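The values are calculated or read from the model by the stated rules, or taken from the named source; none is laboratory data. Quick caveat: nothing in here was measured; it's all calculated off a predicted structure. Please note: Cβ atoms are built from the backbone with ideal geometry, for glycine as well, and neighbour counts cover all protein chains shown.
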Amino acid sequence: MKIATFNINSINARLNTFILWLRTTSPDVVLLQEIKTEFNNFPFFEINAEGYHAVVFGQKGYNGVAVLSKKNVHLLNENLPELQNSEARYLEVLYDDIIISSVYMPNGNPLGSEKFDFKLKFMQAFNEHAQKLLKSHQKIIFGGDFNVILSKKDVYDETPFLNNALTNEDARRYLTALKYFGYYDSFECLNFKDNGYTYWDYGPSAFSNDFGMRIDYLFCSAFMAERLKNCQVDKTLRKQERPSDHTPLIAEFYIENEDKK
């Protein structure tokens, strides 16, 4: 099973290049964040024409998450059960017997604001839900834009972000706690030399000079980690005209029942 997570920063603005990427890469599942559209304006026709089903939790102009899959999936949750709110940031589905979620955590800036308070509330609710899922399910994958730089090695230069919600120690502790619960950072499991950057701002030289950061992750349960084949950053979409400021992160898992089909 090949699964990708991608903060697309408006699916309708990037649709043509995204469709070409789907044809070339052919992931089984794509987790999208910041689709920035309501349900009724999502490009279902174009996505379906490429052989994908789409489950969408949208919001006009902001946020919005989606799950695209080659198989039908069953919707489990729109929003975290532990934190009902008006922002479309969490979508959970059942793909065969695997729980898969698209996650768009709040940015939280500036520090000390209501936005930062909401970021921590969201992260706390997410962690509570993640723990509950492990009590009843072996096969779990969370993918998305987590808006946390876990360590100084995950950013080109930590200095500009020392007073920033992305590097705040409380936010880092919440995300690090996933590993103590029993989840694995798919990229970190297999990559020791690559920086794993998934985001570069729109400055004129940020991407060309690799002034990036790692804020997009694919976390998985131990059962899935044991079946992890590879996990890589795909920079092809970031090189296109009018790209998202993020680029996809892709992981492949060996699933026995799929191999037999």
Boolean, TYR180 is surrounded by fewer than 21 Cβ atoms within 10 Å (Cβ to Cβ), of a type in the set (Ser, Thr, Tyr) and not in a helix (DSSP H, G or I): no
The one condition in (1) part of a strand (DSSP E or B); (2) farther than 17 Å from PHE146 by Cβ that GLY203 fails to fulfil: (1)
Residue in the stretch 136-146 that is on the phi < 0 side of the Ramachandran plot and either at pLDDT below 95 or in a helix (DSSP H, G or I) (or both) present: yes
Criterion: surrounded by fewer than 13 Cβ atoms within 10 Å (Cβ to Cβ) and over 17 Å from the mean Cα position of the chain (by Cα) - qualifying residue of PHE223, PHE192: PHE192
Set PHE126, PHE146, PHE118, PHE142: member being over 18 Å from the mean Cα position of the chain (by Cα) and among the aromatic types (Phe, Trp, Tyr): PHE118
Filter result (more than 15 Å from GLY196 (Cβ to Cβ), surrounded by fewer than 22 Cβ atoms within 10 Å (Cβ to Cβ) and of a type in the set (A, V, I, L, M, F, W, C)) within the stretch 145-165: PHE161, LEU162
Residue, surrounded by the fewest Cβ atoms within 10 Å (Cβ to Cβ), within the stretch 211-220, restricted to residues that are closer than 14 Å to ALA4 by Cβ and of a type outside the set (Phe, Trp, Tyr): LEU218
Answer residue from the stretch 4-56, given it is in contact with a Pro (Cβ under 6 Å, 6 or more places away or on another chain) and surrounded by 16 or more Cβ atoms within 10 Å (Cβ to Cβ) and is farthest from GLN240 (Cα to Cα) among those: ALA4
One residue from ASN191, ASN209, ASN164 being in contact with a Cys (Cβ under 8 Å, 6 or more places away or on another chain) and not hydrophobic (A, V, I, L, M, F, W, C): ASN191
Breaking point among (1) surrounded by 14 or more Cβ atoms within 10 Å (Cβ to Cβ); (2) without any contact (Cβ under 8 Å) to a residue 24 or more places away in the chain, for SER208: (1)
Of all residues in the stretch 229-251 being crowded, with 18+ Cβ neighbours inside 10 Å and in a strand (DSSP E or B), the one that is nearest to the chain's Cα centre (by Cα): LEU249
